[in-house]
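Peer 1: Just dropping this structure here.
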Amino acid sequence: MQNKLNIAFIGGGNMANALIGGLLKSLTSAEHIHVVDLNQQSLQKLRADFGVSTALAIDSKLAEMDAIILAVKPQQLREVITSLAPHLGQQLLISIAAGIRAVDMARWLNGYEKIVRTMPNTPALIGQGMTGLFALPAVTDSQKQMAEQIMQAVGATTWLTDESLIDAVTAVSGSGPAYVFYFIEAMQQAATELGLTAEQGLQLAMTTFNGATQLAMQSAEPVATLRERVTSKGGTTYAALTSMEAAGVRQAIVDAVKAAAARGKELGDEFGQQA
């Protein structure tokens, strides 16, 4: 597919920028990418940075595309989709908008079902993203492959067999970077309270997170085994983990992720009520 896919973006924000940068490295070329956005300044930057074509409004050029990526805020999506409808034939629609279900998008399009809903996360901005994907039945195998290749331009992907599982993906990986940042903040705070500088605490926390993650990814052993190897009974790590267990930290994290998933479902219900 190299240099042959025609891809349009509706919305030229941070995630679109990340995807375009990744696509130009791995899948297509600038003359095959078109971006529609209401912000002239954003479009000027995209042209300068990537050499892609741009427009301030949806027009017939969208009919030439193999894939159209919906990269707008959830509250804008219904209006965007309505404007797209006259230009749709067999194009694949890929939504990265949070909360809005593919079945509702199809309903807004009077039954057009060549839709893949995705949930990427912010590490996509540095090519280290994680994206869950769900396709409606009308999406062909080749279109699924296309969607996968597009999202793999900014990281790893996993396919879901049930759209409701997008809420779980949102809770674990979509919102997940915030949990990591939160934990890093707590470790930095602890470091300063123990006498280290804020800079030292941040360096220690971030480097430790990065190293532990890389170790877990490269190891064939379960994460629990890796944890146990660092935890000598009666030692410093044992004291820390015992304190966390006593404070209910593990269950608090599990409950927090479930709360995020529940909110994702609520948002889907809310947006889906739109006629």
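Read-outs throughout are calculated quantities, based only on the coordinates presented, and are distinct from any laboratory measurement. Because the structure is a prediction, the values reported are computed rather than measured. Virtual Cβ from ideal backbone geometry, glycine too; neighbours counted across all protein chains shown.
Peer 1: What's the angle, to the nearest 10 degrees (0 to 90), between helix 141-152's Cα axis and the longest principal axis of the chain?
Peer 2: Compared with the principal axis, the helix lies near 50 degrees.
Peer 1: For helix 14-26, what angle does its Cα long axis make with the longest principal axis of the chain, in degrees from 0 to 90 and rounded to 10?
Peer 2: So the inclination is approximately 80 degrees.
Peer 1: Next question, about the same structure. Please give me the summed charge of the neighbours of residue 87: other residues whose Cβ is under 10 Å from its Cβ, Lys and Arg +1, Asp and Glu -1.
Peer 2: Values: positive: 61; negative: 59, 64.
Net of charged neighbours comes to -1.
Peer 1: Still on this structure, please answer the following. Long-range amide H contacts for residue 94: which residues qualify at under 5 Å (H placed 1.01 Å from N, peptide plane, sequence gap of 5 or more or a different chain)?
Peer 2: 68, 69, 70, 116
Peer 1: Which longest uninterrupted range of the chain lacks any trypsin sites (Lys or Arg not before Pro) assigned by DSSP to a loop state (not H, G, I, E or B) and surrounded by at most 12 other Cβ atoms within 10 Å?
Peer 2: Longest stretch, sites excluded: 5-232.
Peer 1: How large is ³J(HN,Hα), in whole Hz, for each residue of the range 163-170 in order, when computed from phi with the Karplus curve 6.51 cos²θ - 1.76 cosθ + 1.60 and θ = phi - 60°, using x for Gly and Pro?
Peer 2: Result, rounded to whole Hz: 4, 4, 6, 4, 5, 5, 4, 4.
Peer 1: For the range 176-207 and the range 103-145, compute the distance between their C-alpha centroids and round to whole Å.
Peer 2: Between the Cα centres of the range 176-207 and the range 103-145 lies a distance of 35 Å.
Peer 1: Would you mind checking the tilt of helix 198-218 against the longest principal axis of the Cα atoms of the chain, expressed as 0 to 90 degrees and rounded to 10?
Peer 2: The angle comes out near 70 degrees.
Peer 1: Label-point separation (nm) for residue 274 and residue 210, each offset 7 Å from Cα along Cα-to-Cβ?
Peer 2: Each label point lies 7 Å from its Cα, and together they span 3.9 nm.
Peer 1: Would you order 32, 87 from fewest to most other beta-carbon atoms within 10 Å of each residue's own beta-carbon?
Peer 2: Numbers: 32 20, 87 17.
The fewest-first ordering by Cβ neighbours comes to 87, 32.
Peer 1: Over the range 7-163, one equal point on each Cα, no solvent: what is log10 I(q)/I(0) by the Debye formula at q = 0.11, 0.16, 0.20 Å⁻¹?
Peer 2: Result of the Debye calculation: -0.37, -0.82, -1.38.
Peer 1: So, one more: At a 10 Å Cβ-Cβ cut-off, how would you order 269, 162, 66, fewest neighbours first? Please list the in-between numbers first.
Peer 2: Working: 269 12, 162 8, 66 19.
Fewest-to-most ranking of 269, 162, 66: 162, 269, 66.
Peer 1: Which whole-Hz ³J(HN,Hα) couplings does the range 241-247 yield from phi under the Karplus relation 6.51 cos²θ - 1.76 cosθ + 1.60, θ = phi - 60°, glycine and proline marked x?
Peer 2: 3J(HN,Hα) across the range 241-247, in whole Hz: 5, 4, 5, 5, 5, 5, 7.
Peer 1: If the convex hull of the alpha-carbon atoms of the range 176-266 is projected onto planes in all directions, what is the mean projected area in square nanometres? Provide the component values of the computation, followed by the final result.
Peer 2: Numbers: hull surface 29.2 nm².
Mean shadow area of the hull around the Cα atoms is 7.3 nm².
Peer 1: So how far apart, in nm, are the two label points at residue 63 and residue 255 if each is 7 Å from Cα heading toward Cβ?
Peer 2: 5.7 nm
Peer 1: OK, next. In a solvent-free Debye calculation with one equal scatterer on each Cα, what is log10 I(q)/I(0) for the chain at q = 0.07 Å⁻¹, listed in the order of the q values?
Peer 2: The calculated log intensity ratios at q = 0.07 Å⁻¹ are -0.32.
Peer 1: Collect residues whose amide H, placed 1.01 Å from N in the peptide plane, falls under 5 Å from the amide H of residue 34; neighbours closer than 5 in sequence don't count.
Peer 2: 7, 8, 9
Peer 1: Using Cβ counts within 10 Å as a stand-in for footprinting exposure, how do 244, 217, 146 rank, fewest first?
Peer 2: Values: 244 13, 217 7, 146 21.
Result, fewest neighbours first: 217, 244, 146.
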